[in-house]
Amino acid sequence: MLYRENGQFKTTYAADQQIFTIAQDKWFVLGVVAFAFLAVPMLADEYMFRAILIPFLILSLAALGVNLLVGYCGQITLGAGAFMAVGAYAAYNFLIRIDGMPLIGALLLGGLTSAGLGILFGIPSLRVRGLYLAVATLAAQFFCDWAFLRIKWFTNDSSSGSVSVSDLSVLGWVVDTPAEKYLFCLGFIVVFAMIAKNLTRATIGRQWMAIRDMDVAAEVIGIRPMYAKLSAFAVSSFFVGVAGALWGFVHLGSWEPAAFSVDRSFQLLFMVIIGGLGSILGSFVGAAFIVILPIFLNQFLPALGGLLGLHISTAAVSHAELIIFGSLIVFFLIVEPHGLARLWAIAKEKLRLWPFPH
Amino acid sequence: MKFRALALAAAVSAVGLTSATVSTAAFAQAKEQFFPVLVYRTGAYAANGNPWANGYVDYLKLVNAKGGVNGVKLSFEECEFGYATDRGVECYERLKGKGATVFQPLSTGVTFALTDKAPVDKIPLVTAGYGRSESQDGSVFNWNFPLLGTYWVGADVAIQHIAKQAGGLDKLKGKKIALVYHDSPFGKEPIPLLQERAKMHGFELMLLPVAHPGVEQKATWLQIRQARPDNVLLWGWGVMNSTALKEAQATGFAREKMLGIWWAGAEPDVKDVGAGAKGYAALTLQHSAEPNSKVVKDMLEMVHAKGQGTGPKEEVGSVLYMRGLISSMVAVEGVRKAQERYGKGKVMTGEQTRWGLENLNLDQKTLDGMGFAGVMRPVQTSCLDHMGSSWVRIQTWDGTKWTPGADWYQADEKLLRSMVLNASRKYAEEKKITPRTPEQCKQ
């Protein structure tokens, strides 16, 4: 009744090629973006910004990058953490070694460096696929871990191996309060999500999907596998690299290679699988699930225990958090193997028939 | 089908609803000094994190049992972060809103991440025996307090001890000393000082990193067997330490020639190796295992006997338990000192506590009165020196327990001072901080 495209006629090709062809969708997404830009900065407190919203946004961007590669092009990667690290360290080096380097320039150059390395580590994908490719990309992870721990030049000869960035500013706008950092990240996410959505609707995205669905058939109809696969690696690593740079610059402020360990790679892959492979929305939902749920459980369990008059020890809470988190992952994968984003799609389909289902 | 839909809907709505209700409920009780406690009771480092956390919390309980700080009761809340830097930062953000007095993260990685945040939030960062070594310079690092000792102190004393065994600093020439370190900011921290010392005395320094968490050290010890260093310095934490000792035993490297940092010298590190670790020595951050000290007896009587103890009774007085207890004590004494200036019986803010920590003066009489006789030596901080003391002893594992040696060492003041100033000035330049002048210090 509410959600139905009856009466919305498309009279031009431009109208037919809109991202959101249904008016309700368009207004809903615009509403969410406006809410995030205008209302959230007034509503959220510092804890919300620094501990939840900023990590959520940045990891969503990284998950988006991984989703382009894994979900759209079908190339499994376990090296996402490494590309985040490359983005962060490259951006750091561009910022401190070149005088007058603007912040956004450094972040984007970090992303570009990561894209270059992504192409390099994507070359094995031309010969190996599936799990074997996953193992090959793991090499990127170990190589980068090693490089940033051992090669002193990357960390500007810092004796502890930890680097830090402060005084972020863009064209005179000093990004220092939590709300400003949040808006800064949000700006990146919105632009990059738009780019990702449009890429997947364009020739290049269709090529990726053809390769994913059946690479031999794709080759027969004239898609060059090398171009398609390597472009997917490049774009994905660019997204992940920018996310890594934001993670280091905006979220952590000072970091060491351990911030981008192999755990981070797994975490990003899980986000994409749980959120929904081949779905832009899925990247956000997956990131929310993995970032927010453990923190939520960690605070909710003692509160629940308090209500029941129980005192749960810190260790027990932490163990319970892992158990519940793990079982929820299994639960959602069993009942909805296509990811949480699929639930949203089902809800929309049901809503179209409501209140008179067949 | 129906069940599936129902279960899904229930799960989704449960998560949605409850996340809406649980916001940051700030329950700052009036008249209570709030101590956030960042702990790791789970994960790879839990065996070492647990006794520290128990000691920390137990001491707060002991202060309450004795009537608080001039009548102000202490409250606390633990936050588990599993030695992961990002979760540690989350804990910091969560607990700082509740009126935190001081933060003690027990992780060098988290300390680095919080060093930029502490000045903004005006909460002192106490890192007793870890953290950034250059943060001893309080004129640049206003909010960092590496009380009792830094890794540069540890490294300096380790070299002094080795020299003493060899018969003088001049005997170090031509020797080979290997540093087996945890490959993280924690393990890398002593390297600049050791390099400086190597240059001064002409010994060779071998750097052997071990990847987190440190269970894989076969290659490291193979290198040691080939290069035959005269001494091995062990800069490990958690399971890395016991693994290193087992590997030393397997490769036949004399445990007597091994010297650990104070984080590699506690019961969990050697317990599993038992007699195999006999002769292994480690630095102490002043205290060793102190089961006979008065403060431990008080603790057993006033806290544990009443069923208030946080951990098992047997653990009270062990090395890391004492470390936690002392970390807690210096923070509480900072609050007590601040009350002298800002009003006795009042709850101190982070900013006021910072003043207290900077003007801390615990002489031997005070320490003895608090039950720390034989455990600690005096600590006196100032604006320029946020460390307060650099007393270190050497303790040896005899197969069943740690025994502290009689000698007290101190870091070489001249060398330490110049290195600290160099590093802190460089930091100030990078961060565009103007160091406080002596006049500003007096305020």
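Read-outs: derived from the displayed coordinates by stated rules, not from any lab. From a predicted model like this one, the values you see are computed outputs, not experimental measurements. All Cβ positions, glycine included, derive from the backbone under ideal geometry; neighbour counts span all protein chains shown.
As a test of the definition: which semi-axes, in Å, follow for the protein assembly as shown when you take the square root of five times each eigenvalue of its alpha carbon gyration tensor? Largest first, please.
So the equivalent ellipsoid measures 49, 31, 25 Å along its semi-axes.
Mind telling me which of B:F141, B:F35, B:F253 comes out most flexible in a GNM of chain B, alpha-carbon contacts under 10 Å?
Per the Cα network of chain B with a 10 Å cutoff, B:F253 tops the list.
If R0 is 22 Å, what FRET efficiency do you get for A:R129 and B:K218 from their C-beta distance, rounded to 0.05?
Efficiency for this residue pair is about 0.05.
Take the Cα pairs of region B:152-287, get the Kirkwood Rh, then feed it into Stokes-Einstein at 20 °C and 1.002 mPa s and tell me D in µm²/s.
This corresponds to a translational diffusion coefficient of 146 µm²/s.
Calculate, for A:D99 and B:K278, the FRET efficiency according to 1/(1 + (r/R0)^6) with r their C-beta to C-beta distance and R0 60 Å; round to the nearest 0.05. All intermediate terms of the calculation are to be shown ahead of the outcome.
Working: r = 58 Å, r/R0 = 0.97.
Efficiency computed from Cβ-Cβ geometry: 0.55.
Under 5 Å between amide hydrogens, which residues at least 5 positions from B:G260 or on another chain qualify, with H placed 1.01 Å from N in the peptide plane?
Answer set, sorted by chain and number: B:L234, B:A281, B:A282, B:L283.
Averaged across B:116-122, how many Cβ atoms of other chains sit within 10 Å of each residue's Cβ atom?
2
Give me the Debye-computed log₁₀ of I(q)/I(0) at q = 0.14, 0.20, 0.23 Å⁻¹ for region A:93-191, equal point scatterers on Cα only, no solvent, two decimals.
With one equal scatterer per Cα and no solvent, log10 I(q)/I(0) is -0.77, -1.12, -1.21.
Say R0 is 30 Å: what FRET efficiency, to the nearest 0.05, do A:A39 and B:Y342 get from their beta-carbon distance?
According to the calculation, E is roughly 0.15.
To the nearest 20 debye, what charge dipole does chain B have about its Cα centre, counting +1 at the Cβ of each Lys and Arg and -1 at the Cβ of each Asp and Glu?
200
Subtracting the Cα-Cα distance from 0.36 nm times the residue separation, let me have the gained length for A:L310 to A:H358 in nm, one decimal.
Length gained between A:L310 and A:H358: 12.4 nm.
If you plug each phi of region A:17-30 into the Karplus form 6.51 cos²θ - 1.76 cosθ + 1.60 with θ = phi - 60°, what whole-Hz ³J(HN,Hα) values come out, in order, with x for Gly and Pro?
Values, residue by residue: 9, 4, 5, 10, 6, 9, 4, 4, 4, 4, 5, 4, 5, 4 Hz.
Label-point separation (nm) for B:D116 and B:N292, each offset 7 Å from Cα along Cα-to-Cβ?
Distance between label points: 5.0 nm.
Compute the angle between helix B:85-96 and the longest alpha-carbon principal axis of chain B, please, reported from 0 to 90 degrees and rounded to the nearest 10.
40
Starting from the Cα of B:Q195, move 7 Å in the Cα-to-Cβ direction to define the label point; list residues of region A:118-155 whose amide nitrogen is under 20 Å from there.
A:146-155
If you keep only loop residues by DSSP, which chymotrypsin sites (Phe, Trp or Tyr not before Pro) in region A:1-92 have at most 14 other Cβ atoms within 10 Å of their Cβ?
Those satisfying the criteria are A:F9, A:F20.
Just grab the label-to-label distance for A:L333 and B:E351, each label 7 Å out from Cα along the Cβ direction, in nm (one decimal).
5.1
Provide the percentage of antiparallel DSSP beta bridges, counting only those with both residues in chain B; round to the nearest 5.
Details: 12 of 41 bridges.
Roughly 30 percent of the DSSP beta bridges within chain B come out antiparallel.
Taking 0.36 nm per intervening residue step and subtracting the Cα-Cα distance, what contour gain separates A:A23 from A:S169 on full extension?
On the way: separation 146, 0.36 × 146 = 52.56 nm, distance 3.75 nm.
Result: 48.8 nm gained on full extension.
Taking each residue in B:99-111, count the Cβ atoms of any other chain within 10 Å of its Cβ, then average. What number comes out? Walk me through the numbers on the way to the answer.
On the way: counts 0, 0, 0, 0, 0, 0, 0, 0, 0, 3, 8, 0, 2.
Neighbouring Cβ atoms belonging to other protein chains average 1 per residue here.
Could you check what % of the DSSP bridge pairs in the protein assembly as shown are antiparallel, to the nearest 5?
Close to 35 percent.
Of B:Y59, A:A218, A:L131, which is farthest on the positive side of the dipole of the protein assembly as shown, counting Cα position, with +1 on Lys and Arg Cβ, -1 on Asp and Glu Cβ, and the Cα centre as origin?
A:A218
Treating the beta-carbon of each Lys and Arg as +1 and of each Asp and Glu as -1, no other charges, what is the dipole magnitude of region A:44-353 about its Cα centre, to the nearest 20 debye?
940
If eta is 1.567 mPa s and T is 4 °C, what Stokes-Einstein diffusion coefficient results for chain A, Kirkwood Rh from Cα pairs, in µm²/s?
The diffusion coefficient I find is 59 µm²/s.
Share of Cα-Cα pairs in chain B beyond 39 Å, in percent?
21
Per residue of region B:39-47, what does 6.51 cos²θ - 1.76 cosθ + 1.60 with θ = phi - 60° give for ³J(HN,Hα)? Whole Hz please, x for Gly and Pro, Karplus curve as stated.
10, 10, 9, 10, x, 5, 10, 4, 4
Name the residues whose placed amide hydrogens come within less than 5 Å of the amide hydrogen of B:Q217, ignoring near sequence neighbours (fewer than 5 apart) on the same chain.
Excluding prolines and chain starts, which carry no amide H, there are no hits.
Other chains near A:41-53: what is the mean number of their Cβ atoms within 10 Å of each residue's Cβ?
Mean shielding count: 4.
Quick check: from the Cα gyration tensor, does region A:18-129 come out rounded (a/c under 1.5), prolate or oblate?
Numbers: a/c = 2.16, a/b = 1.26, b/c = 1.71.
In terms of gyration-tensor shape, oblate.
Separation between the A:N198 and B:K66 pseudo-spin-labels, each 7 Å from Cα along Cα→Cβ, expressed in nm?
6.8
Rank-order B:405-411, B:183-189, B:38-44 by packing density, defined as the average count of other C-beta atoms within 10 Å over each peptide's residues, highest first.
The packing order, highest mean first, is B:183-189, B:38-44, B:405-411.
Which of A:L308, A:L186, A:L281 moves most in a GNM of chain A, Cα contacts under 10 Å?
The residue that fluctuates most here is A:L308.
So what J values fall out for region A:81-90 if you push phi through Karplus, 6.51 cos²θ - 1.76 cosθ + 1.60 with θ = phi - 60°, rounded to Hz, Gly and Pro as x?
Values per residue, Gly and Pro as x: x, 5, 5, 4, 4, 4, x, 5, 6, 5 Hz.
Beyond 24 Å, how much of the Cα-Cα pair distribution for region B:284-443 remains, as a whole percent?
That fraction is 48 percent.
Per 5 Å bin from zero, what fraction in whole % of the C-alpha pairs of region A:272-334 is there, up to the bin with the longest pair?
Calculated over all Cα pairs of region A:272-334, the distribution is 4, 18, 22, 21, 14, 10, 7, 3, 1, 0 percent.
Considering the Cα positions of region B:281-366, please state its Rg to one decimal place and its Dmax as a whole number of Å.
15.1, 45
Using the Cα centre of region B:152-287 as the reference point, and only Cβ charges (+1 on K/R, -1 on D/E), how large is the resulting charge dipole? Debye, rounded to the nearest 20.
460
If we restrict to alpha carbons, what Rg and Dmax does region A:109-252 come to, in Å?
Rg, Dmax (Cα atoms, Å): 18.3, 55.
When chain A is treated as a GNM, springs tying every alpha-carbon pair under 10 Å, which of A:I280, A:I295, A:I104 comes out with the largest mean-square fluctuation?
Of A:I280, A:I295, A:I104, the most mobile in the Gaussian network model is A:I295.
If amide H atoms are built 1.01 Å from N in the plane of the peptide, which residues on other chains or at least 5 residues away come under 5 Å of the amide H of B:S75?
So B:S75 has HN proximity to B:Q33, B:F34, B:F35.
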